[in-house]
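**Q** Questions regarding the structure given below will be posed in turn.
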Amino acid sequence: MNLQQLTETAAAMVAPGKGILAMDESHPTCNKRFSKLGIPTTEANRREYRHMLLKEDEMGQYIGGAILFDETLRQTTLNGKPFAERLTELGIVPGIKVDKGAKDLALHPGEKVTEGLDGLRDRLAEYYELGARFAKWRAVITIGEGIPSEACLMANAHALARYAALCQEMNLVPIVEPEVLMDGTHTIERSYEVTHAAQQSVFEQLDEQGVALAGMVLKPNMVVSGYECPQRADVHQVAEETIRCLSSTVPEAVPGVAFLSGGQTDEEATEHLNAMNALGGNLPWRLTFSYGRALQQAAMQAWNGDAGNIDHAAKVILHRAKMNGAAARGAYKPEMEQAA
Ligand code: 13P
């Protein structure tokens, strides 16, 4: 493990005013989003779409790292450049999703555990050769009647820590993602409680496995009310509760916290991040974004599977990247949406 390389990579991923573009949807997820818009789910379309996301050179000003799916890391852009090379040219660190998805946790109805540890060391070696310098593994925690169980929190935290250790051995920065889903009627208090418990077990396990905190990035959910909760917390409360939670679970040595958007609208996700950074205070870690849907959904609609829309759609994602780049500095204002 080369700790200096890991800390330099992590610093580049969450550099000031930059965040991470999650464009690592697995085939089923990507196909589901294409199908919703009536876009044919072909390899050629996935390639054209991802070419579009990285078309604008200015993306490199707001994006420090991009997470790819296995297929994309092996593809070239429409200009014939391997995607990892295109990213490097933009000053964006190439990353790769390495988990094999969340599967039903045995004997625990309604709960999931993420798979993919078997053979991971060899896959990581190949991904490094292909140009990846960081990786992502997503654990999924569901809030419901009597869940999450301790068994679920424990199993997921353990898998995340073993994955993170394998990554660091290969000089890949692990993005450690314990996602507490925000679907449901739960209150923000319940969201806090579960997020806190999930993060706490993750850091216990990371410590147990000897993971170097200076060479990782945490990718958590924000502490928001369940989407169907009758009384939803406002932006300010979300910012305060999220920071309160992180402050009690995330050691100072962690260089960056890059949030997932988890089904928030584009502007909500931007406003929440901005509010946290605008609160100020001397936080030990950088707070930024690692959004999938909240960066891509408007651009996917604008593209709509039509090569003639590539130029326009590329400007749509550039705009979202710019808004979130501003939010990462606490400098976003809703008027900036109109100015574009
Ligand atoms: P969303 O921002 O769409 O939640 O996706 C982020 C991600 O990479 C989940 O693993």
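**Q** Need the failing condition index for G215 against (1) surrounded by fewer than 24 Cβ atoms within 10 Å (Cβ to Cβ); (2) in contact with a strand residue (DSSP E or B) (Cβ under 7 Å, 6 or more places away or on another chain), just the number.
**A** The single condition G215 does not satisfy is (1).
**Q** For region 254-284, what are the residues that are polar (S, T, N, Q) and crowded, with 19+ Cβ neighbours inside 10 Å? It would help to see each step written out before you state the result.
**A** Going through region 254-284, the residues polar (S, T, N, Q) turn out to be 261, 264-265, 270, 274, 277, 282.
S261, Q264, T270, N274, N277, listed by residue number.
**Q** So, one more: Applying the selection to region 283-312, what residues are away from the ligand (no atom under 12 Å from the Cβ) and of a type in the set (K, R)?
**A** Hit for region 283-312 is R286, nothing else.
Listed here are the residues, each with its yes/no results for (1) of a type in the set (D, E); (2) under 18 Å from the mean Cα position of the chain (by Cα); (3) modelled with pLDDT of 95 or more; (4) outside any helix (DSSP H, G or I).
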residue: V224; (1), (2), (3), (4): no, yes, yes, yes
residue: Q237; (1), (2), (3), (4): no, no, yes, no
residue: C245; (1), (2), (3), (4): no, no, yes, no
residue: E252; (1), (2), (3), (4): yes, no, yes, yes
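**Q** From the list P284, P251, which one is within 18 Å of K18 (Cα to Cα) and out of contact with any strand residue (DSSP E or B) (no Cβ under 7 Å at 6 or more places or on another chain)? Step through it out loud before you land on a result.
**A** Details: P251 fails: within 18 Å of K18 (Cα to Cα).
Residue meeting the stated conditions: P284.
**Q** Is there a residue being without any contact (Cβ under 8 Å) to a residue 12 or more places away in the chain, of a type outside the set (G, A, S) and either open to solvent by less than 20 Å² (accessible area, probe 1.4 Å) or in a helix (DSSP H, G or I) (or both) anywhere in region 166-188? Show your work before the answer.
**A** Of all residues in region 166-188, those without any contact (Cβ under 8 Å) to a residue 12 or more places away in the chain come to none.
Looking through region 166-188, none of the residues is without any contact (Cβ under 8 Å) to a residue 12 or more places away in the chain, of a type outside the set (G, A, S) and either open to solvent by less than 20 Å² (accessible area, probe 1.4 Å) or in a helix (DSSP H, G or I) (or both).
**Q** Can you tell me which residue among A155, A106, A66 is open to solvent by less than 70 Å² (accessible area, probe 1.4 Å) and within 30 Å of T185 (Cα to Cα)?
**A** On the way: A106 fails: open to solvent by less than 70 Å² (accessible area, probe 1.4 Å); A66 fails: within 30 Å of T185 (Cα to Cα).
Matching residue, one of A155, A106, A66: A155.
**Q** Determine which member of the set P251, P255, P230 is away from the ligand (no atom under 16 Å from the Cβ) and within 24 Å of I63 (Cα to Cα).
**A** Values: P251 fails: within 24 Å of I63 (Cα to Cα); P230 fails: within 24 Å of I63 (Cα to Cα).
It is P255.
**Q** Shifting gears a bit: Can you give me the ranges of the helices (runs of 4 or more DSSP H) entirely in region 50-150 with at least 2 residues that are more than 16 Å from the ligand (Cβ to nearest atom)?
**A** Working: elements: 70-73, 83-90, 120-129.
Fully inside region 50-150 and qualifying: 83-90, 120-129.
**Q** I'd like the full set of residues that are open to solvent by 60 Å² or more (accessible area, probe 1.4 Å) and either aliphatic (A, V, I, L, M) or not in a helix (DSSP H, G or I) (or both), limited to region 285-306.
**A** Of everything in region 285-306, those that are open to solvent by 60 Å² or more (accessible area, probe 1.4 Å) and either aliphatic (A, V, I, L, M) or not in a helix (DSSP H, G or I) (or both) turn out to be R286, N304, D306.
The values are calculated or read from the model by the stated rules, or taken from the named source; none is laboratory data. As the structure is a computational prediction, the values presented were derived from the model and not from experiment. Cβ coordinates were reconstructed from backbone atoms using ideal geometry, including for glycine residues, and neighbour counts include every protein chain displayed. Side chains are part of the model used for accessible areas, which takes the heavy atoms of the whole protein and leaves out ligands, DNA and RNA. Shrake-Rupley method; radii C 1.70, N 1.55, O 1.52, S 1.80 Å.
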